[in-house]
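So the structure is just underneath, and the comments pick up after that.
The values are calculated or read from the model by the stated rules, or taken from the named source; none is laboratory data. Quantities reported herein were computed from a predicted structural model and do not represent experimental measurements. Note: ideal-geometry Cβ built from the backbone for every residue, glycine included; neighbour counts use all protein chains shown.
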Amino acid sequence: NAGVTQTPKFRVLKTGQSMTLLCAQDMNHEYMYWYRQDPGMGLRLIHYSVGEGTTAKGEVPDGYNVSRLKKQNFLLGLESAAPSQTSVYFCASSSGTGNTEAFFGQGTRLTVV
Amino acid sequence: AQSVTQLDSQVPVFEEAPVELRCNYSSSVSVYLFWYVQYPNQGLQLLLKYLSGSTLVESINGFEAEFNKSQTSFHLRKPSVHISDTAEYFCAVMTFSGNTPLVFGKGTRLSVIA
């Protein structure tokens, strides 16, 4: 039972480069989320999706784009990476009803130099 | 919109001592409340949740949290901590309707000292 899988686990980018982080879940969940975690800031929501083909902005969406073309996948893109985007990124999924837990991936540690 | 405030960023405590991690929330509608735990270099995992009914909820490893609607709080407690409880703890809230995202507090780092 894989749960939520994030790819890659680590990445180093140069300023201005682009990349895509992939999140895949095998629990048939409707909701998927991308968070970033920074020291002292907790988890901040970047974008989320309440179903296939839908996305919405979270607390810190600038500099990121997302797509949810398939229900099981949620992609996070950085078009032009900046050092301020150095962070640990977590993907999560949930069934969508408020009374169920969110399941998290193991995280992607991204460093932008 | 809902928000979560965790009042302590770091809590050091000696092994076998009791601990309380504080969480307050703000919301104009009814919410579900969660505590997640993050061990070093891992993702988050659910510790316990309040959905309805009894205001006191418990986890399998001895933590408990009490929902206090009048004080809009959901504090996490354990009567006797172990070294293995060292981790970061996050309080989170989601509205009843479920069509709003899960919102987290900034986290509390619990350090258990031998």
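Of the residues making up the stretch A:3-28, those that are modelled with pLDDT under 95 and more than 18 Å from residue B:41 (Cα to Cα) number 2. Scanning the stretch A:36-84 for residues that are of a type in the set (A, V, I, L, M, F, W, C) and within 14 Å of another protein chain (Cβ to nearest Cβ) yields A:41, A:43, A:45, A:46, A:50, A:56, A:60, A:66, A:74.
With respect to residue B:83, determine if the residue is surrounded by fewer than 20 Cβ atoms within 10 Å (Cβ to Cβ) and either within 14 Å of chain A (Cβ to nearest Cβ) or closer than 26 Å to residue A:31 by Cβ (or both).
Working: surrounded by fewer than 20 Cβ atoms within 10 Å (Cβ to Cβ): yes; either within 14 Å of chain A (Cβ to nearest Cβ) or closer than 26 Å to residue A:31 by Cβ (or both): no.
Judged against the criteria, residue B:83 is not a match.
How about the stretch B:4-17: which of its residues are of a type in the set (Gly, Ala, Ser) and more than 10 Å from chain A (Cβ to nearest Cβ)?
Going through the stretch B:4-17, the residues of a type in the set (Gly, Ala, Ser) turn out to be B:9, B:17.
Hit for the stretch B:4-17 is B:17, nothing else.
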